[in-house]
Amino acid sequence: MGSLYLSRGRCILQQVFSGLPIMLQRPYSLDVSAQLLRTEAFIEGRWVSATSTFPVFDPATGEEIAKVSDCGTKEAQDAVNAAYKAFYLWKSQTAKERSILLRKWFNLINEHKEDLAKLITAESGKPMKESVGEMTYSASFLEWFSEEARRVYGDIVAPPAKDRKILLLKQPVGVASIITPWNFPSAMITRKVGAALAVGCTVVVKPAEDTPLSALALAELSVQAGIPPGVFNVVPCSREKTPAVGELLCTDPLVAKISFTGSTATGKVLLRHAAGTVKRVSMELGGHAPFIVFDSAEVDKAVAGAMASKFRNSGQTCVCSNRFLVQSGIHDAFMEKLAKAMDAELKVGHGSEPTTTQGPLINTRAAEKVENQIADAVAQGAVIVRGGKRLEGSFMQPTLLSSVNTDMLCMREETFGPLIPVVKFNTEQEALAIANASPVGLAGYFYSRDISQIWRVAEQMEVGMVGVNEGLISTTEASFGGIKQSGLGREGSKYGIDEYLEIKYMCLGGLSL
């Protein structure tokens, strides 16, 4: 077993471990256009310095890559006021005018895709190939909602009396607070903001403290696209100031809507804040996705799906598979092929290296969580098939566990790391009972070639999104969201735009017969 150590911003190769080599890393520099490397808050179309700054680190090396303005409640209030003032001008623009500006923003993101991807890799540790993929995904929401902007239709309803007409109008809710996570620091912004701006809302974005640079780069491109001042605002802040800034963005009476992606625990806090002024709320919260492999599955495809679903962003996505349930008749073959796939396909290293597939976890706290789940499982009888060790800093070995039971911590709480715990089951009913036992229900996956089973299981899984014989399900055109304690509302698709609209009933009476 080897280890990885860090020196003056370098990842140094010491050994190769368990068939998963750590890639030698040259000194890393943030080689992006100076125009996109913004470090101040963006309020009412201006770059604004706060009285203090906070550092942003490369999670792979611990190296500081930037100091960013540490906004407090004053800056957050200024941003809300600016968004409120801009709302009345922005909503009065035609849908076509808003559509054209969103399309320009989309084009600019595509033009600067490589530099924007470098920012994501630098501040989140994500491998460059995935960061480029995120930028394609991020831009797609602006394209999609630029098109949906012109398809927000109301209704004319048949009245009960002849002397009146009933019209249902759709209007923007107002200022929206957008609070986003670090694991998709660009796409989680555009998925919300694209819908909000398309219908005439204005926004204040509070990015995650670990990854503010991506949000600020989007702000720079919004200026170039011609988005008017005050329509799109960004207030970065440190972990210490986040509670106060978050509370203001959820309680200020000028804010009409909150959209949040993050943990269920934080979501509950924000819901309590929003209750005082009865704000519109949409939330995409934590998941604990089951991944079921039935005896009828094609093993090779199930293994490929498991690899794609689990190890994207080193297991740090809300829709990552967490609980793997494999039927007894196919269990051994699946485990053998999965272990070989891990050996052959996974390479741990700095995200800027072209061959890296597994970057660091976002910070040492995240690595400690995975480490604790592994230790708990082993203490209760689980067997480490691959990996199992924490490396230096926040790097973790991709880990495969067998002989797992439902009492183990990894089966009861979301992992957010490169850990595959496998439970062997016997019947379909048993698998569904385990899968549905969670209080959250964001995504779920299963593999089967039995068409009757496919319909039964898909309908009975208690999740908002189901992948059937597919491990990667996110796409702009499909609705994204969960049930139970995994959130409220939907993002993306034609339904995502409804989260930023109110329906006004207009009764036109006194008409002559």
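The values are calculated or read from the model by the stated rules, or taken from the named source; none is laboratory data. Owing to the predicted nature of the structure, the values given are computational and were not obtained by experimental measurement. Positions of Cβ are backbone-derived with ideal geometry, glycine not excepted, and every protein chain shown enters the neighbour counts. The accessibility values were calculated without ligands, DNA or RNA, using every heavy atom of the protein model including side chains. Shrake-Rupley method; radii C 1.70, N 1.55, O 1.52, S 1.80 Å.
Expressed as a whole percent, the accessible area of the chain that falls on carbon and sulfur atoms is 53 (1.4 Å probe). Summary value for the chain: 18 percent relative contact order, contacts being C-alpha pairs under 8 angstrom separated by 6+ residues. Computed from Cα atoms, the angle from the helix 451-460 axis to the main principal axis of the chain rounds to 60 degrees. Relative to the longest principal axis of the Cα atoms of the chain, the long axis of helix 73-90 lies at roughly 50 degrees. Length gained on full extension, Lys268 to Thr136: 44.4 nm, using 0.36 nm per residue less the C-alpha separation. I'd like the distance separating the alpha-carbon centroids of segment 473-513 and segment 175-225, in whole Å. If we compute the Cα centre of each part, the gap is 20 Å. Placing a label point 7 Å from the Cα of Arg412 along the Cα-to-Cβ line, the residues of segment 348-382 whose backbone N sits under 17 Å from it are 369-382. For Ser512 and Gln93, the difference between the fully extended length at 0.36 nm per residue and the C-alpha to C-alpha distance is 147.5 nm. Looking at the chain, the DSSP beta bridges with both ends there are about 45 percent antiparallel. Averaging the sequence gap over all C-alpha pairs within less than 8 Å and six or more residues apart, then dividing by the number of residues, gives segment 149-225 a relative contact order of 28 percent. Between Glu430 and Asp163, the simple label model (points 7 Å from Cα in the Cβ direction) yields a spacing of 7.2 nm. For segment 289-475, the relative contact order works out to 29 percent when only alpha carbon pairs closer than 8 Å and six or more residues apart are counted.
Once the other residues with Cβ under 10 Å from the Cβ of Pro229 are scored (Lys, Arg +1; Asp, Glu -1), what is the net sum? Local net charge: +1. In terms of the Cα gyration tensor, with a ≥ b ≥ c the square roots of its eigenvalues, is the chain rounded because a/c is under 1.5, prolate because a/b exceeds b/c, or oblate? Oblate shape, in that a/c is at least 1.5 and b/c is the bigger or equal ratio. Taking each of Lys96/Lys118; Lys96/Lys279; Lys206/Lys279; Lys96/Lys206 in turn, the alpha-carbon distance tops 23 angstrom for Lys96/Lys118; Lys96/Lys279; Lys96/Lys206.
By the rule of a C-alpha distance below 13 Å, with chain neighbours fewer than 8 residues away ignored, the aspartates and glutamates paired with Lys504 are Asp155.
For every other residue with a beta carbon closer than 10 angstrom to the beta carbon of Ile65, add +1 if it is Lys or Arg and -1 if Asp or Glu, then tell me the sum. Residues close to Ile65 contribute a combined charge of -3. When Trp455, Trp182 are compared by accessible area of protein heavy atoms, the largest-first order is Trp455, Trp182, using a 1.4 Å probe. Quick one: helix 212-225 against the long Cα principal axis of the chain, what's the angle to the nearest 10°, folded into 0 to 90? Between helix and principal axis, roughly 40 degrees. From its DSSP helices (H runs of at least four residues, each -39,500 (n - 2.57)), the chain gives a residue-normalised ellipticity at 222 nm of -11000 deg cm²/dmol. Scanning residues 5 or more positions from Val281 or on other chains, those with amide H under 5 Å from its amide H are Ile258, with H placed 1.01 Å from N in the peptide plane.
Here segment 289-475 is treated with +1 on each Lys and Arg Cβ and -1 on each Asp and Glu Cβ, and its dipole about the Cα centre works out to around 340 debye. For the chain, a simple Cβ point-charge model (Lys and Arg +1, Asp and Glu -1, everything else neutral) yields a dipole of about 1120 debye relative to the Cα centre.
With unit charges on the beta carbon (Lys/Arg positive, Asp/Glu negative), name the residue among Ala431, Ala379, Gly349 whose Cα is farthest towards the positive pole of the charge dipole of segment 289-475. Toward the positive end, the furthest listed residue is Gly349. A Förster distance of 22 Å, applied to the separation of the beta-carbon atoms of Lys85 and Arg46, puts the FRET efficiency at 0.95.
Beta bridges per DSSP, both residues in segment 289-475: antiparallel share near 15 percent. Within the shell of other residues whose beta carbon sits under 11 angstrom from the beta carbon of Asn372, the net charge comes to -1, with Lys and Arg scored +1 and Asp and Glu -1.
At a Förster distance of 30 Å, what's the computed FRET efficiency of Lys67 paired with Glu502, Cβ-Cβ distance as r, to 0.05?
0.15
Using heavy atoms of the protein chains and a probe of 1.4 Å, the accessible area assigned to His288 is about 10 Å².
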